[in-house]
Amino acid sequence: MKFKKTFKIISIVLASVAIAGALSAFFIIISIDYVDLNKKTIDDIGQTIEVLADDMTPLEYNGQHGNMALLTNLPDYVPKAFIAIEDKRFYKHHGFDYIRLIGAAVNDIKTLSFKEGASTISQQLVKNTHLSNERTIERKLKEAHITRQLEKNYSKDEILEKYLNIVYFGNGLFGIESASNVYFGKSSKNLNLSEAAALAAIINSPTKYNPYKNRELLINRQKTVLKAMFKSGFIDEIQYKEALESDLNFSFEKSKKFQNIYSRSAVLEAMNLLKNSKTNLTNCIIYTYYNKDAQEALSQSFSQYIPQAINKNGVMPDYAGIVIDNNTYGITGMISSNEDILNIKRQPASTIKPLAVYAPALENNLITAATLILDEPINYNGYSPKNYSGKHYGWINIRDAISTSNNIAAVKVLKSIGTDTAVDFLGKIGFELDDNDNGLSLALGGLHKGITLYELSSAYAMLPNKGLYQKSSFINKIETKDGQVIYQNNYNPKRIVNEDTAYILTDMLKSATNSGTAKRLKGSEYAVAAKTGTNSYLKSSKNNDAYCTSYTTQHTMGIWLGNIFNEEKNALSNNVTGATYPTMITKKVYDTIYKNKILPDFEKPKGVVYADIDLNEYNSNQTLVLANAQLAPRYRKREIFSLRNMPSKAINIRWDIQEKIEEHKTKEKSFLDKMKEFFTKRSYSKENN
């Protein structure tokens, strides 16, 4: 009886849970704001978008509206490679492979990972055109809703063709025609079986199976594709064995690849700009700031130095670079090992110091280039930062602190100005910070989510523009193909700091190139200001990020080398810091761009002056005062100051002499008065007698 009672209770509980679950699912289903199939989005796949460089030449574009491959022109083994590995019952189901769904669910329960995928080609097409990549029940339900509509409105061949022309192959390549052209230097209609299987292998994880970084992983995955094709009866045993033995010869067309990444970024920007517009981008011309010379300079420089930066595990670093025209705030060139790197948030390391610490401190008249800071061990409520060298250097001035990238000085200055001031300042120059980015570690680039290289480079462009900030852009204008301008990037920067602040900070960053961490830029025939930064791998000594952010009067540049997935085996080599390869790449780019060109120096504003300080007071008492007119040259040091924030004057030697004369006159007068009083009293005494 007791067993029956227990069983009854358990049954009631399970039934209640099942009912509650069913009700919850029901309410979730009816509460979702469903999106219907957008036929125009599907039909537009294959229609090209026109993207132009600054000289009006067309740019290669392999994005969502890239080159079209017709299913009828492809060898039959090309689409079959994708079907075999992605959706082997594609032609049998109506959008959902229920057999595969059950298998995926069983595996999820076994592993408790809940990562098993079971999306059909139809579902993947819907996700790529209508939805985000988030793993939520709501997204999957929306996907199912649209997939049903897709299957009702398009034939299987049409769905497969659209899918092949929009699926992502990594390195900024969308669609099989673009991937085939870049990876193998041929049209998709000329792919052999081995190459078709390799492309089908990539789409499972474009980063993991990147042919330029993980060739062996890709080949192993390609073998899995070929085996699936053989088991499905798509190829015979002879074809299978021949494909396994066939070599994969990748043709890395670098110039086209980087054009693709640039043009894709421009198109994404255009889509964002026109997101509330009914204009179809396939009917538009996008005019960009892309400059062939800047792009080639980037490509050549990275090609020269990246192979030298290989680590002990034989892994080359991830990398990215961006060049901005200071006159237009337009992005003239960009490069990256992964098309998303410019938009991936990373720890900016010491490159943030001039922006988060020194610019607001200068602007608020709290420091000068000559202000002294004591470099000593510090501990603020448990926060004890160290210098990169692990040493302390006593009293140092702000110029040297910036030049040598001293950590203690940066933290002390941030503490004096307040983190709220720094956060507010960074927000004004385009940084999207986390709510928790309010600690002193901000001075050293310790951000919870980090910032992008794009944000960092755009912010630095404020300095050569005399304190005026404008978000950098890929696009100059967008117009319809009948000549109607629907977007114009107008020059409308906002003032962030005064001209004197921008110039003084620039002058100190020039010291970093002459004698500091960016001294590999020394000797250039053009004036250049720069700041380097290096970030260690978590708590180990291995470097994870290495930066050089710099600018001339004409361009601003951000260079990054790093380890995008923070994997120990991919950490940077010990000889890769911001001061080494990023700076060497920077110099190579500038030297190439400015070959046979003469660049003007930064223009000093009227509110900035050079003045001598008294070294006796400076070195002995750590007091900052201006030198008097009579002080010998060996006791002077010239420094730059804003008229808004000049040091106090030392006592002028001539004023000193005059004071002594006046003091002597006073003493002499006092003596004469006393003598007169003495004789007067004596005379008065005689008369009375």
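The values are calculated or read from the model by the stated rules, or taken from the named source; none is laboratory data. The structure presented is a predicted model; accordingly, all values stated were derived computationally and were not measured. Here the Cβ positions follow ideal geometry from the backbone for every residue, glycine too, while neighbour counts run over all protein chains shown.
Let me confirm something: among L414, L426, which residue is buried (at least 18 other Cβ atoms within 10 Å of the Cβ) and either under 28 Å from H392 (Cα atoms) or without any contact (Cβ under 8 Å) to a residue 40 or more places away in the chain (or both)?
Answer to the selection: L414.
Only residues that are more than 19 Å from S263 (Cα to Cα) and in contact (Cβ under 8 Å) with a residue 24 or more places away in the chain: list them for the range 155-171, please.
Across the range 155-171, the qualifying residues are K156, D157, I159, L160, E161, K162, Y163, L164.
Which of the residues belonging to the range 362-377 are part of a loop (DSSP other than H, G, I, E, B) and under 31 Å from the mean Cα position of the chain (by Cα)?
Answer for the range 362-377, where residues must be part of a loop (DSSP other than H, G, I, E, B) and under 31 Å from the mean Cα position of the chain (by Cα): N364, N365, L366, I367, T368, A369.
Of the residues that make up the range 278-286, is at least one under 30 Å from I49 (Cα atoms), out of contact with any strand residue (DSSP E or B) (no Cβ under 9 Å at 6 or more places or on another chain) and free of Cβ contacts under 8 Å to residues at least 40 places away in the same chain?
Looking through the range 278-286, at least one residue is under 30 Å from I49 (Cα atoms), out of contact with any strand residue (DSSP E or B) (no Cβ under 9 Å at 6 or more places or on another chain) and free of Cβ contacts under 8 Å to residues at least 40 places away in the same chain.
Could you list, ordered by first residue, the pairs with Cβ atoms under 7 Å in which the first is in the range 313-326 and within 24 Å of Y551 (Cβ to Cβ) and not assigned by TED's automatic domain parsing to the domain that holds A297 and the second is among the small types (G, A, S) and part of a strand (DSSP E or B), at least 6 apart or interchain?
Final answer for the pair search is none.
Please give the number of the condition L509 fails out of (1) in contact (Cβ under 8 Å) with a residue 60 or more places away in the chain; (2) assigned to a strand (DSSP E or B); (3) within 28 Å of V357 (Cβ to Cβ).
It is condition (2) that L509 fails.
Can you go through E603, E617 and tell me which one is outside the structural domain of Q300 (by TED's automatic domain parsing), of a type in the set (D, E) and assigned to a helix (DSSP H, G or I)?
Being outside the structural domain of Q300 (by TED's automatic domain parsing), of a type in the set (D, E) and assigned to a helix (DSSP H, G or I) holds for just one of E603, E617, which is E617.
Kindly list the number of the only condition in (1) surrounded by fewer than 21 Cβ atoms within 10 Å (Cβ to Cβ); (2) of a type outside the set (F, W, Y); (3) touching a residue at least 24 places away in the same chain (Cβ under 8 Å); (4) out of contact with any Ser or Thr (no Cβ under 9 Å at 6 or more places or on another chain) that fails for D434.
Unmet condition: (3).
List every residue pair whose Cβ atoms sit under 6 Å apart, with the two residues 6 or more apart in sequence or on different chains, where the first one lies in the range 391-406 and is closer than 19 Å to V528 by Cα and of a type in the set (V, I, T) and the second, anywhere, is modelled with pLDDT of 95 or more and not in a loop (DSSP other than H, G, I, E, B).
Partner pairs satisfying both residue conditions: I402/M508.
May I ask you to list pairs of residues, at least six apart or on different chains, whose Cβ atoms are under 6 Å apart, with the first in the range 172-190 being at positive phi and the second being in a helix (DSSP H, G or I)?
Sorted first by the residue in the range 172-190, then by its partner, the pairs are G172/N260; G172/I261; G172/R264.
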